[in-house]
Amino acid sequence: MIKRSFFALSKPRLTYDLLDTSLQSAEPLAVPGSLTLLLPEKIDSAKKALIGPGDAVKKGQKLKLYDDSTPYVLSPVAGTIKGFDSYSDDFGNKATYIMIKPNPSAKGDEQWAQTNLEQTLEFAVGHLGQIPGALPFSTLANPDYDIRTIVVTGADTDLLCDTCQFVCSAYADQMAAGARILKAMIRADRICITVPENLSVQVDLDGFNILRTSDTYPSNLPAMVMKDHLGKVLSPGTIPENEGVCFIRPEALVSLARIYETGHPVFDKVITLIDKGGKRYRVKATIGTPISKILSCFNVQINERDRVIIGGPMRGLATYTVHHPVVPDMDTIMVQDRDVIAELSDSACVNCGECIRICPANVPVNLLVRYLEANLYEEAADRFDLESCIECGLCSYVCRARIPLYQYIRLGKHELLTLRENA
Amino acid sequence: MTNTKLIVSHAPFWHSGDSLFQQNLNFLIALVPAALFGIFKFGAPALGVLTLATSSAMLWEVIMAIISKQKIAIADMESAVIGLLFGMMVPATMPWWVVITGTFVAVVLGKYVFGGIGGNPFHPTLVGIAILMMSWPAFLDFDTAYVSYQFDFTALAPLAALKSQGTSVLSSFSTYDLLMGNEVGGIGSTFGLGIIIGGIYLILRGYTRWEIVVAFIAGILITATLFYVLHPDTYAPPLFHLFSGYTLLGAFFLAVENSSSPVHRIPMLVYGFLGGFMIILVRNIGIYPDGTILSILLINLINPLIDVIKPKALGKGVSHA
C-alpha cells in the first residue's frame with residue numbers, strides 16, 4: 001500500500017506498475033472437479049427453466065435459463081449440471097450460479113462442430129458473448145451507439161495490475177489477428193491501443209494506433225484516455241460509447257483470433273494473482289474455476305478477515321466467498337492481509353480539501369458528499385457534478401475523515417439512474 | 001479455506017493512511033515551540049492555564065457527546081487543539097473559571113451546536129475568545145495581567161500601546177524583540193519565530209493550506225504598507241503589524257481551520273487576503289487594538305459565499321457534437 005509521504009505539500013501521486021517481466025508465461029491450471037458459471041439473470045421460479053439439475057451438458061453448449069432470456073453462458077466442459085444458486089452483486093443485482101461437474105470421458109464439441117463459424121456480428125452476439133476477455137458484442141451491436149473507434153486497454157486501468165500488458169506482449173500476433181477480425185465485423189474506422197509510455201518491453205503493434213499513456217493514475221481510465229488522447233471530453237452522465245468509442249481488453253481480441261483459427265470455443269482466462277506480499281503469479285484458468293483453486297495452486301493462505309479483491313486496489317471488488325468463479329472479465333485477484341486493511345469511518349466531512357486537490361475531474365467532493373449523505377441525488381447531480389465523476393477512487397484514498405466517498409458516489413449514480421427510470 | 005470469513009468492503013482498498021488524529025497531532029506538535037516558550041517565560045501559571053484549557057475543552061467534548069448521543073471522538077484530539085489554542089491566546093494569569101467558561105463557549109457554542117466535527121462555521125477557539133473579549137475584557141488585558149511580573153523588556157502590549165499612545169511608542173519595540181517573544185501577550189502568541197516554524201511545518205506536512213497563509217500575510221503586508229506609505233506618522237510599519245498580537249497565530253493556525261475556510265484555490269486566496277486586509281483596517285481605523293479575532297470570524301462568515309468560485313468539472317460547459 002502506498003502511504004502518504006512525510007512532506008505532503010503537493011498532492012500524492014500514484015503510479016501504475018509496469019509489466020512484471022519475471023513472469024514469462026501463464027501457468028495452465030487443470031480443470032477442477034467442479035465449475036461454477038455466473039449467468040447474469042436471476043432465477044424466476046414462476047417460469048419454466050430450460051435447464052435443471054442432472055442435465056447433461058456438452059462442451060461449448062449454450063446455457064440459458066428461460067426461453068425468452070437473452071443472457072447466456074457457454075459450458076466450458078462436458079459434464080452434468082449439479083445445481084443452481086443465486087448470487088447478488090454489491091448493488092443487489094441478482095444473478096445465477098450454475099454448478100457443473102465435469103465428466104472427462106464425455107464427448108464434447110458436437111454443438112460447435114455443427115455450427116457454421118461466421119464472421120458476422122449477429123453470430124458473435126449469439127455465441128461469443130462470454131469469451132475470455134469479455135468482448136462486449138451486445139454493446140457493439142446496439143443500434144443506439146455508432147461505434148467507430150475501438151480502444152484496446154493495453155495499459156491496465158488499475159494500479160498493480162499488469163495482465164493486459166502481459167497479454168499484449170505475449171500474444172501480440174493473435175491480438176493483431178483478432179483486431180483484423182473485429183474491424184471487419186463491425187466496420188470500425190480505427191483501432192487504438194493504450195501502451196504505458198515507459199514500457200521497455202518491445203511489442204510489435206502493427207495496425208494499431210498507439211496511444212502512449214502516462215504512468216500516473218488515473219491516466220489509463222477510459223474517461224482520461226478520451227480526454228487526453230482522443231480529444232473528446234465526456235459530458236456528465238455519458239459513457240464513451242455515446243461518443244462512438246468502445247474500450248475492450250486485449251485478451252478479448254486474442255480469444256477472438258483463437259476461436260476463428262481453431263474453430264473451437266476457448267475458455268482459458270489469463271489471471272494475475274497478487275499475494276499479500278505483492279508477489280505476482282500468472283495463471284491460465286478455465287472460466288468457472290473457483291478462486292480458491294487458484295489460491296491453493298500457489299499456496300496462498302487466506303486467513304479469517306482477510307480480503308480477496310477481484311481487480312485492482314483502487315476500483316476492484318471485494319468478494320465475500322473464495323468460491324466465486326473466474327469470469328470472462330476478471331483480470332486480477334488480489335489478496336490483502338487483515339492487518340493492512342484500512343478502516344473506514346462514519347465521521348462527517350471536515351472540509352480539509354484533500355479530495356478537491358486530487359480529483360482529476362474537478363468534482364467538488366466536499367460539498368457533494370454532504371448531499372449524498374442526505375440522499376439528495378438529483379441536487380447532487382445538478383449542482384455538484386455527481387455525474388462528472390470518472391470513478392477513480394482517489395478521493396476515498398486521500399480522505400482524512402476516512403469517509404467511503406467513492407462508494408457514496410457510486411451509490412449516488414446508481415440511485416440517480418433508478419430515480420430517472422422510475423420518473 | 002472453504003468457510004473462511006472474508007472482509008467485504010468497497011473500493012478503493014488502499015488508503016493514504018491519513019486520519020483526523022494525524023492532523024490534530026501535527027497541529028499539537030506545531031504548537032509546541034510557541035507553547036513551551038510561553039511556559040518558560042510566564043512560568044507555572046502559564047502551564048496551569050494551558051493544561052486546564054486543553055483538558056477542560058476535551059471534557060466539554062465528552063459531556064456534549066454524551067448529551068447529544070454521538071460517538072465520543074476525543075481520541076481525534078480536535079478539542080485538544082481547540083483548547084490548547086485557547087490557552088495560548090490568553091494571559092497566564094487568567095482565573096480558572098474564566099478559562100473553563102471560555103473553553104465551554106469554544107467547544108459547545110463554537111462547535112457542538114453546529115453539529116460537531118466538520119460543522120462549525122467559525123473557528124471554535126475564536127468564538128470562545130470573542131465572547132470573553134465582549135464579556136470580560138479585563139481578563140484579556142495583557143497590561144494589567146502581568147503587573148506582578150518583572151520583565152527585562154517593555155512590558156506593554158504592543159498593539160494596545162500603539163492604540164493609546166500612537167506611533168511614538170513604536171521605538172520601544174524592535175522587530176527582533178517581537179519575533180523572539182520579548183513582548184507581553186497571550187501565553188503562546190508572543191514567540192513569533194516559534195509560531196512561524198510550527199506553521200511552516202504544518203504547511204510542509206500538508207495539514208494547512210499554504211494559499212490561505214500566504215494570502216493572509218500578503219493581505220497584512222500590502223494593506224499595512226499602503227497605510228504606512230501614505231501616513232508614516234500615524235500608522236505603524238507593516239512588519240510591526242505582522243509580528244505583534246495574534247497576527248502570526250491567526251495566519252498560521254486560526255484562519256486555516258478546515259471547516260471554516262475555503263478549499264478551492266481562488267477562494268482561498270481571496271479569503272486569506274481579506275483576512276489580512278480586515279486586520280489592518282480594524283487596527284488602523286477601528287476601535288479594537290488587535291483585529292485578528294474579529295476579522296477571522298468575519299472571513300469565516302464569507303467562506304461559504306466565496307467557496308463557490310470553483311473550476312468547471314469535467315465535461316461541464318464543453319460544447320461538442
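The values are calculated or read from the model by the stated rules, or taken from the named source; none is laboratory data. Quick caveat: nothing in here was measured; it's all calculated off a predicted structure. Note that each Cβ is placed from the backbone with ideal geometry, even for glycine, and that neighbours are counted across all protein chains shown.
If you scan segment A:3-14, which residues turn out to be closer than 20 Å to A:VAL335 by Cα and either surrounded by fewer than 17 Cβ atoms within 10 Å (Cβ to Cβ) or away from chain B (no Cβ under 14 Å) (or both)?
Selection gives A:LYS3 alone.
Of all the residues that make up segment B:110-126, how many are out of contact with any helix residue (DSSP H, G or I) (no Cβ under 6 Å at 6 or more places or on another chain) and in a helix (DSSP H, G or I)?
Residues meeting the conditions: 2.
What are the residues in segment A:142-163 that are surrounded by fewer than 17 Cβ atoms within 10 Å (Cβ to Cβ) and more than 13 Å from A:LYS183 (Cα to Cα), if any?
A:ASN142, A:PRO143, A:ASP144, A:ASP146
Can we say B:LEU193 is within 14 Å of chain A (Cβ to nearest Cβ), aliphatic (A, V, I, L, M) and under 20 Å from B:GLY87 (Cα atoms)?
When the stated conditions are applied, B:LEU193 does not pass them.
So for segment A:222-241 (the condition being modelled with pLDDT of 90 or more, within 22 Å of A:PRO313 (Cβ to Cβ), out of contact with any strand residue (DSSP E or B) (no Cβ under 9 Å at 6 or more places or on another chain) and not aromatic (Phe, Trp, Tyr)), does at least one residue qualify?
For segment A:222-241, residues modelled with pLDDT of 90 or more, within 22 Å of A:PRO313 (Cβ to Cβ), out of contact with any strand residue (DSSP E or B) (no Cβ under 9 Å at 6 or more places or on another chain) and not aromatic (Phe, Trp, Tyr): present.
Only one of these conditions is not met by A:GLY33: (1) more than 24 Å from the chain's Cα centre (by Cα); (2) away from chain B (no Cβ under 14 Å); (3) over 30 Å from A:ASN220 (Cα atoms). Which number is it?
Every listed condition holds for A:GLY33 apart from (2).
With more than 7 Å from chain A (Cβ to nearest Cβ), of a type in the set (Gly, Ala, Ser) and crowded, with 24+ Cβ neighbours inside 10 Å as the only criterion, which of B:ALA34, B:ALA44, B:ALA11 stands out?
Result: B:ALA34 is the single residue among B:ALA34, B:ALA44, B:ALA11 that is more than 7 Å from chain A (Cβ to nearest Cβ), of a type in the set (Gly, Ala, Ser) and crowded, with 24+ Cβ neighbours inside 10 Å.
Being of a type in the set (Phe, Trp, Tyr), within 12 Å of A:PRO40 (Cα to Cα) and away from chain B (no Cβ under 14 Å) is the filter here; which residues of segment A:66-91 pass it?
Result: A:TYR72, single match.
Quick one: what pairs do we get from segment A:397-423, first residue over 16 Å from A:CYS355 (Cα atoms), second hydrophobic (A, V, I, L, M, F, W, C) and assigned to a loop (DSSP other than H, G, I, E, B), C-beta under 6 Å, 6+ apart or different chains?
As it stands, the answer is A:HIS414/A:PHE91, since those pairs meet every condition given.
Looking at the structure I just gave you, is A:ILE271 within 17 Å of the chain's Cα centre (by Cα), within 22 Å of B:HIS10 (Cα to Cα) and either more than 14 Å from chain B (Cβ to nearest Cβ) or not in a strand (DSSP E or B) (or both)?
When the stated conditions are applied, A:ILE271 passes them.
Could you please let me know if B:PHE252 is more than 14 Å from chain A (Cβ to nearest Cβ), within 21 Å of B:LEU204 (Cα to Cα) and in contact (Cβ under 8 Å) with a residue 24 or more places away in the chain?
yes
Please verify whether A:THR319 is at the interface with chain B (Cβ under 8 Å from one of its Cβ atoms) and either over 30 Å from B:PHE114 (Cα atoms) or touching a residue at least 24 places away in the same chain (Cβ under 8 Å) (or both), treating the condition exactly as stated.
In short, yes.
Could you list all residues from segment B:275-286 that are in a loop (DSSP other than H, G, I, E, B) and hydrophobic (A, V, I, L, M, F, W, C)?
Once the filter is applied, which keeps residues that are in a loop (DSSP other than H, G, I, E, B) and hydrophobic (A, V, I, L, M, F, W, C), segment B:275-286 yields only B:ILE285.
Residues in segment B:50-57: is at least one surrounded by fewer than 23 Cβ atoms within 10 Å (Cβ to Cβ), closer than 23 Å to B:LEU193 by Cα and under 17 Å from the mean Cα position of the chain (by Cα)?
Among the residues of segment B:50-57, not one is surrounded by fewer than 23 Cβ atoms within 10 Å (Cβ to Cβ), closer than 23 Å to B:LEU193 by Cα and under 17 Å from the mean Cα position of the chain (by Cα), which makes the answer no.
Collect the residues in segment A:193-232 that are farther than 30 Å from A:ILE2 by Cα and either within 12 Å of chain B (Cβ to nearest Cβ) or part of a strand (DSSP E or B) (or both), keeping them in residue-number order.
Once the filter is applied, which keeps residues that are farther than 30 Å from A:ILE2 by Cα and either within 12 Å of chain B (Cβ to nearest Cβ) or part of a strand (DSSP E or B) (or both), segment A:193-232 yields A:ASN209, A:LEU230, A:GLY231, A:LYS232.
Across segment A:335-386, what is the number of residues that are surrounded by fewer than 21 Cβ atoms within 10 Å (Cβ to Cβ), of a type in the set (A, V, I, L, M), at the interface with chain B (Cβ under 8 Å from one of its Cβ atoms) and over 27 Å from the mean Cα position of the chain (by Cα)?
Final tally of qualifying residues: 1.
Tally the residues that are crowded, with 20+ Cβ neighbours inside 10 Å and closer than 21 Å to A:LEU182 by Cβ, restricting the search to segment A:233-250.
The total comes to 8.
I'd like the full set of residues that are closer than 28 Å to A:PRO313 by Cβ and either buried (at least 24 other Cβ atoms within 10 Å of the Cβ) or in contact with a Lys or Arg (Cβ under 7 Å, 6 or more places away or on another chain) (or both), limited to segment A:164-183.
Answer for segment A:164-183, where residues must be closer than 28 Å to A:PRO313 by Cβ and either buried (at least 24 other Cβ atoms within 10 Å of the Cβ) or in contact with a Lys or Arg (Cβ under 7 Å, 6 or more places away or on another chain) (or both): A:CYS164, A:GLN165, A:PHE166, A:VAL167, A:CYS168, A:MET175.
Out of B:PRO311, B:PRO289, B:PRO262, I need the residue that is not in a helix (DSSP H, G or I) and not assigned by TED's automatic domain parsing to the domain that holds B:MET180. Which one?
Exactly one residue qualifies, and that residue is B:PRO311.
Exactly one condition in (1) more than 28 Å from the chain's Cα centre (by Cα); (2) at positive phi; (3) of a type outside the set (S, T, N, Q) is false for A:PRO53; which is it?
A:PRO53 satisfies every listed condition except (2).
Does B:ILE222 qualify as being away from chain A (no Cβ under 14 Å), assigned to a helix (DSSP H, G or I) and surrounded by 23 or more Cβ atoms within 10 Å (Cβ to Cβ)?
no
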